[in-house]
Structure formats: C-alpha cells, structure tokens
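Notes for the one structure printed next.
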Amino acid sequence: MGHDRPRIPVQVSRWLSVARHPRFDRPYTDLVFQPMLELLDYLRANKFKIYIVSGGDIEFMRVWATRIYGVPPEQIIGSRLKTRLVKRDGKPALLRLPEFEFFNNAEGKPISIRKFIGRRPIAAFGNSDGDLQMLQWATATDGKRLALIVRHTDRKREWSYDRKANIGHLDKALDEATRQKWLVVDMKRDWKVVYPFQSKR
C-alpha cells in the first residue's frame, strides 16, 4: 500500500484552502511570521539563494513553502518516505511507501544540505534543538557566518515554549547559542508583529 506522489500536491492544496487554525480561526496560510517574510525579501534583494530545510514531510513542504514563501520546490529539503516506481494503467508512476527513507532532523539537516545543495550555508536560522547540528555545521568554518535562533516567548500573540516543550524543544541549542555568541531573537521582546494579519488591526 502507498500513495501516488502526483496526488499529494492536490490533496495538500485542497486542505490548505479549507483548513482553519482552531485558536486563531484563520487559514493556516495566514499563520506565517511577518519578520520571516521581511527577511526573505531582504535576502532576495541582496541576491541570496534561499533554501528551506525542514523536518516536515517534503511533499507537504513543497506545496506549503512554495505558496507561502515563494521558494521553489527544488529549493526545499524535508523528511522523505521511500518511493517506488510502479506501473499504473500501463504508465510509470511514483508510489510513496509508509516507511521513512530519511528523517531530516538534527544531524540529518547538515547531511541533507551537503547532499542536495553541496555548499555550507552563509546564514542558517532555526528555532529548536532539531536545528542545532545545522547551526553548528554552518558556522564551523572560516569567514563570516550567521546563526540565528528564534525563541518562542509570546504566549499572547503566538505561544510560549522552549526548554520544557514536548514539541519544538529548545534547550541545547539555546545553551550553544550563548557559548557561540549566536544571535537569539526573542519573539515577545523583538517582534513588533508576529503574523501579517495582526498588523492590520
């Protein structure tokens, strides 16, 4: 059993068009960080090539991130299920199997960056311990490099979680940021606007 890969983008697009976040009662496509959008605009204006390196499913992320961030599918790296080439109605088709090929988290992120991009990033951004090895590898070289961690501290406008969180756990990376003098952005203190729709109120 498995899923046809061509059907997945259609399913994801359909879900994004109808699903609403239960807390904010807004489409999930509205829940994108305004400072992140501004950063992407700044990087593009200065001729940077942008990649999204996520622990999320790559097929979902390619639809989501292309629509939300304007990053093309070939510049999105995520976790992957095994895929098999099969015949459907006499034509070749790709079938996703219910088994991980690669979990793109923690040490998996620098491995994927090297495999699919072939370059060490000049700047890397994260928000959890799952980004620690990527940030360490990005900065473990000569020349100027930027490592930045976003700390979720705004319970009112978003959520407040880090060291004790079950999801998005940020503990070891926060300690490493102190040791390495990485930039830590405090969402509550440093962000005037979290989501774009909040700026319209």
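The values are calculated or read from the model by the stated rules, or taken from the named source; none is laboratory data. Treat the numbers as computed from the prediction; the structure is a model and nothing was measured. Cβ coordinates were reconstructed from backbone atoms using ideal geometry, including for glycine residues, and neighbour counts include every protein chain displayed.
Taken together, the residues in segment 139-148 that are surrounded by 16 or more Cβ atoms within 10 Å (Cβ to Cβ), more than 16 Å from the chain's Cα centre (by Cα) and aliphatic (A, V, I, L, M) amount to 0. Within segment 127-138, being in contact with a strand residue (DSSP E or B) (Cβ under 7 Å, 6 or more places away or on another chain) and either surrounded by fewer than 20 Cβ atoms within 10 Å (Cβ to Cβ) or at positive phi (or both) holds for one residue alone: ASN127.
Of the helices (runs of 4 or more DSSP H) that lie entirely inside segment 1-107, those containing 1 or more residues that are closer than 22 Å to GLY130 by Cβ and of a type outside the set (Val, Ile, Thr) span 34-45, 58-69. Tell me which of these ALA177 doesn't satisfy, since it passes every other one: (1) closer than 16 Å to ALA106 by Cα; (2) modelled with pLDDT of 95 or more; (3) loosely packed, with under 14 Cβ neighbours inside 10 Å. Among (1) closer than 16 Å to ALA106 by Cα; (2) modelled with pLDDT of 95 or more; (3) loosely packed, with under 14 Cβ neighbours inside 10 Å, ALA177 violates only (3). In segment 153-167, the residues that are over 20 Å from LEU132 (Cβ atoms) form Cβ pairs under 9 Å with partners that are acidic (Asp, Glu), at six or more places apart or across chains, as follows: ASP154/ASP186; SER160/ASP154. Checking each residue in segment 93-112 for being under 19 Å from the mean Cα position of the chain (by Cα) and charged (D, E, K, R) picks out GLU101, GLU107, LYS109.
The rows are residues; the columns are (1) surrounded by 13 or more Cβ atoms within 10 Å (Cβ to Cβ); (2) without any contact (Cβ under 8 Å) to a residue 12 or more places away in the chain; (3) more than 21 Å from PHE197 (Cβ to Cβ); (4) not aliphatic (A, V, I, L, M).
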{"site": "TRP15", "(1), (2), (3), (4)": "yes, yes, no, yes"}
{"site": "ARG23", "(1), (2), (3), (4)": "no, yes, no, yes"}
{"site": "ASN46", "(1), (2), (3), (4)": "no, yes, yes, yes"}
{"site": "LYS49", "(1), (2), (3), (4)": "no, no, yes, yes"}
{"site": "ALA65", "(1), (2), (3), (4)": "yes, no, no, no"}
{"site": "GLU74", "(1), (2), (3), (4)": "no, yes, yes, yes"}
{"site": "SER79", "(1), (2), (3), (4)": "yes, no, yes, yes"}
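Taken over segment 184-201, the criterion of being surrounded by 13 or more Cβ atoms within 10 Å (Cβ to Cβ) and either of a type in the set (A, V, I, L, M, F, W, C) or in a helix (DSSP H, G or I) (or both) is satisfied by VAL184, VAL185, MET187, LYS188, ASP190, TRP191, VAL193, VAL194, PRO196, PHE197, GLN198. Test ASP4 against the criterion of being out of contact with any strand residue (DSSP E or B) (no Cβ under 9 Å at 6 or more places or on another chain), at pLDDT below 95 and over 18 Å from ALA124 (Cα atoms), and give yes or no. Here the answer is no, as ASP4 does not meet what is asked.
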